[in-house]
Each structure stands twice: as structure tokens, then as C-alpha cells.
Amino acid sequence: MTEDQESGQEPVRYEVTGAVATITLNRPEAMNALDVPTKEALLEALRSASTDESVRAVVLTGTGRAFCVGQDLREHVEKLNAGDPPLSTVRDHYNPITLAIAEMPKPTIAALNGVAAGAGAAFAFACDLRIAADAASFTLAFAQVGLSADSGASWTLPRLVGTAKAIELLFNPQKIGVREASSLGLVNEIVPADRLAEHVAALAERLAAGPTVSYAALKASVNFGASHSLAETLEFEDAMQTKCGATADHREAVDAFLAKRAPNFLGK
């Protein structure tokens, strides 16, 4: 039985307010390290947010001093000592979690309340936007424990900072302060720690009130274009534009423009 189970504490909280789902990693005593129950609960929460039609924006955050410090090394060592394959968690947990974040058909925001390390940093990179408290930081700790990147870091990090800088950061797993992270493009915005929750909630509500089918198509188009030719990307854009052009939100936007009023998007 884990410490979380003994205390009756849920390792992940899932809350829906209005059209915004907030997923909170809730192991503050372990700096939100990822043990198996936490990873399973996180994946379940992400899938719930993805399939719930009433949810139109998703916030991922943590409790305490950390956003998430990555793999729970105590559990990892226990598996090593028991002769179990501890890195099967990459295939079983980290890969599906990363895909659930990156392919979420609605906007995702990482609200970085503290340090994000290893897989925790990678999960933040997989979100659409990263809003950081002024005390937040990143550590790409994979090489520090003699491992390679996982949770999509080798895909997302170069797209955020460039290939050469990504290799440098991965080879030198030093703390990246929030100001440096901002200059590198790892975070979109820095806010005072005591305003983080309020600020992110307002941003999530604004996105949730927007044309969320359009947002999903824009995200899919950018991701597709990153690994396909121009000709293939043009074909994909055509498909996405055809899809969006048939939505009620597109019609509403056009009608609102002609009537000189603000549109009322429904995400349909």
C-alpha cells in the first residue's frame, strides 16, 4: 500500500468548473512524483476530459512546491531490486499520457506552480500553453540518472527551443530558472505565484468560450506540418478547413461579424 492509499489521499484530483477541467497532481509530500497509481489516475483524468463534451479547456497543475518531478525513484529502485522491468512504464504509462495531452481535442494549459523535472517537464511541454509561477523551474533530469528522454521530450523540446539547444539542455541537466525558460520559449507567460491559479482560470475560461473545434484543428495542423511536406500540409489544411467551415461556430462567427456583435461560440 502506498503512502497516498494509507492517508486516503487521491494522487490526482479531477474537477470540472463550468467548461474547464482542472487536473491536479496531488502528492505534495513527494513533490508530485509519478508512481503507478498516480500515472494511472492521471491517464484516466485526461481521458475523461477528452471525452466529456461539456469540457472545452483543460488545466494541468500540481500541489505544493512542485508541478511534477517525474518518475518516483523510490518505486523505480524497488522494481530494480525485485528484478522487475521498471522502464516498461514508458510504454505502459508515459507514452499514453503524453499522447492524451498532445492529442487533446481542446486547449491544454500547464499551470506550473513549481519545479517540473523529467517526465513532469515533458508533460508540460506537451501542453499547448505553459503559464509559470515566478518560482517555477525546469530540470531535464534524464541524463542525470543515466537514462534517455521519454514522455515525448525528444519530440517537443526541439520544437520549442531548436535541435542544438535541446541537445545542450538534455546533455546538461541543470536547473532552468523561469526567466531563462521564458527566454528559451519554454513558457508563454510568468505570473506571481499567488496569482497563478486565478490567472490560469481566467485564461482557461476564455479559451473554453472560444471556437474549440477551430483550436483543435489549428493544433492538429501545426503538429502535422512539423513532420510533413508543404504539399501534404496543404492537403491537411484543406481537410481541417472543410471540417471547420461546416461548424455552427463558423456560421455564428460570420453572422456576428455582419451584425457587428460578439460571437457566441458553442464548440460545435
- Note on the structure: How many residues of region 98-129 are in a helix (DSSP H, G or I), touching a Lys or Arg at 6+ places or on another chain (Cβ under 9 Å) and surrounded by fewer than 24 Cβ atoms within 10 Å (Cβ to Cβ)? The answer is 2
- Item | Considering residues of region 13-39 that are of a type in the set (Val, Ile, Thr) and within 25 Å of ALA202 (Cβ to Cβ) only, the residue surrounded by the fewest Cβ atoms within 10 Å (Cβ to Cβ) | THR17
- Any hit, region 62-69, residues being in a helix (DSSP H, G or I), charged (D, E, K, R) and surrounded by fewer than 17 Cβ atoms within 10 Å (Cβ to Cβ): no
- In region 131-156, the residues that are closer than 19 Å to HIS76 by Cβ and either outside the structural domain of LEU196 (by TED's automatic domain parsing) or in a loop (DSSP other than H, G, I, E, B) (or both): LEU140, ALA141, PHE142, GLY146, LEU147, SER148, ALA149, ASP150, SER151
- Message: Need the failing condition index for LEU42 against (1) surrounded by fewer than 18 Cβ atoms within 10 Å (Cβ to Cβ); (2) touching a strand residue (DSSP E or B) at 6+ places or on another chain (Cβ under 6 Å), just the number.
- Response: (1)
- Could you say whether any residue in region 164-177 is assigned by TED's automatic domain parsing to the domain that holds GLU198, surrounded by fewer than 18 Cβ atoms within 10 Å (Cβ to Cβ), more than 18 Å from ALA119 (Cβ to Cβ) and in contact with a Ser or Thr (Cβ under 6 Å, 6 or more places away or on another chain)? yes
- Note on the structure: (1) crowded, with 21+ Cβ neighbours inside 10 Å; (2) in contact (Cβ under 8 Å) with a residue 40 or more places away in the chain all hold for LEU140 apart from (2)
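The values are calculated or read from the model by the stated rules, or taken from the named source; none is laboratory data. All of these numbers come straight from a predicted model, not from anything done at the bench. Positions of Cβ are generated from backbone atoms using ideal geometry, with glycine treated the same way; all protein chains shown enter the neighbour counts.
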